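The values are calculated or read from the model by the stated rules, or taken from the named source; none is laboratory data. What you see is a predicted model; the values in this text were computed from it and never measured. Here the Cβ positions follow ideal geometry from the backbone for every residue, glycine too, while neighbour counts run over all protein chains shown.
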Amino acid sequence: MITRCRPLLGTFVEITVPVGQEAAADRSFAAVEHVHRAMSFHEGGSDLARLRAATPGEAIEVDAETVRVLRLALDLFRATDGLFDVTTGRQLVRAGFLPRAGIARLAAFPGTSADIEVVDDHHIRLARRVLIDLGGIAKGHAVDRAIEALTDAGVAEGLVNAGGDLRVFGDRDWPVALRDADDVVRHAVQARNCAMASSANLMNRRRFRGQEQSPHIGRGGRPVLTTGRVSVVAPRCILADAMTKVAMADPELAGQVMATYGGYLLASPSNGNCH
């Protein structure tokens with residue numbers, strides 16, 4: 001096997017394929033780059049930048065990949081009674097986890113995911129202005145698209161890892177080390193034909209107006225502060241990443257929702273197989 005690595009999605013993306021399949025890895029990276037350009041919060045030409053500049057009621061043309069991600073995001077918003085919400089950009093910018101990106105007044109973005117309407121495969125309409133941050137869910141989608149590119153090219157086995165959001169396929173077990181909230185690796189699993197994602201925020205906190213903040217937002221817009229790690233196994237990486245955010249705030253709810261998608265929470269400590 002051979003591993004290639006490139007800086008994308010705000011992290012390092014690693015793609016591992018059999019020797020001789022480097023051209024397929026290049027096509028896989030191209031799929032990740034496409035997602036990065038469309039769904040970056042930071043880039044002024046992305047779909048997210050165009051949506052935050054949109055006038056409420058206007059149908060905005062976006063990339064079909066963005067629509068796919070937002071469709072699932074809205075499904076999870078409803079399935080979790082609003083706990084999973086991709087419109088937490090206002091809180092994340094205010095606390096310093098996301099850049100201002102030319103945003104003058106955060107109060108100008110009062111909407112939630114309930115204000116997002118998927119018009120068709122290429123258009124989104126907003127009832128109110130919202131500050132969308134697809135963040136991890138876009139990263140998970142990029143991993144899935146990278147895997148699709150590999151399998152479409154006839155690659156029989158491989159791994160895509162985007163900063164801990166990973167997915168593996170093929171007739172082999174892949175060793176996966178799990179980094180705990182304190183940044184120490186204590187446990188590992190063997191993964192086969194599945195996706196995995198983990199989240200923690202013990203080492204990623206900020207203070208805003210005297211109160212500790214994290215990049216994970218719970219009910220009522222309150223930051224989720226936990227000393228532990230959560231890990232999710234799912235058929236697709238987009239689901240695994242999205243549900244780590246729910247599991248941080250409500251593990252029981254996350255388990256119930258994941259059961260409907262064929263995934264589950266990985267117990268911590270962990271040592272075993274994930275198939």
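Quick notes
- Residue check: G96 meets all listed conditions (1) farther than 16 Å from R222 by Cα; (2) in contact with a Lys or Arg (Cβ under 6 Å, 6 or more places away or on another chain); (3) not aliphatic (A, V, I, L, M) but one, namely (1).
- Those strands (runs of 3 or more DSSP E) of segment 121-227 in which at least 2 residues are touching a residue at least 40 places away in the same chain (Cβ under 8 Å), considering only elements entirely within it, cover 123-126, 158-162, 165-169, 174-179, 185-191, 194-199, 206-208.
- Residue list for segment 72-115, filter: among the basic types (K, R) and surrounded by 13 or more Cβ atoms within 10 Å (Cβ to Cβ): R90, R94
- Segment 9-28, subset part of a helix (DSSP H, G or I) and touching a residue at least 60 places away in the same chain (Cβ under 8 Å), residue surrounded by the most Cβ atoms within 10 Å (Cβ to Cβ): S28
- Count - residues of segment 205-217 that are in contact with an Asp or Glu (Cβ under 8 Å, 6 or more places away or on another chain) and closer than 23 Å to G82 by Cα: 1
- Selection count, segment 136-188, where residues are hydrophobic (A, V, I, L, M, F, W, C) and more than 21 Å from the chain's Cα centre (by Cα): 7
- G262 falls short of the stated requirement of being surrounded by fewer than 16 Cβ atoms within 10 Å (Cβ to Cβ) and closer than 27 Å to V93 by Cβ.
Quick grid of which residues meet (1) closer than 27 Å to G220 by Cα; (2) assigned to a loop (DSSP other than H, G, I, E, B); (3) not polar (S, T, N, Q):
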position: A49; (1), (2), (3): yes, no, yes
position: P56; (1), (2), (3): yes, yes, yes
position: T66; (1), (2), (3): yes, no, no
position: V69; (1), (2), (3): yes, no, yes
position: D75; (1), (2), (3): yes, no, yes
position: L83; (1), (2), (3): yes, yes, yes
position: V86; (1), (2), (3): yes, yes, yes
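- In the set (1) part of a loop (DSSP other than H, G, I, E, B); (2) at pLDDT 90 or above, the condition left unmet by G102 is number (2).
- For segment 55-64, the count of residues that are over 21 Å from the mean Cα position of the chain (by Cα) and free of Cβ contacts under 8 Å to residues at least 40 places away in the same chain is at least one.
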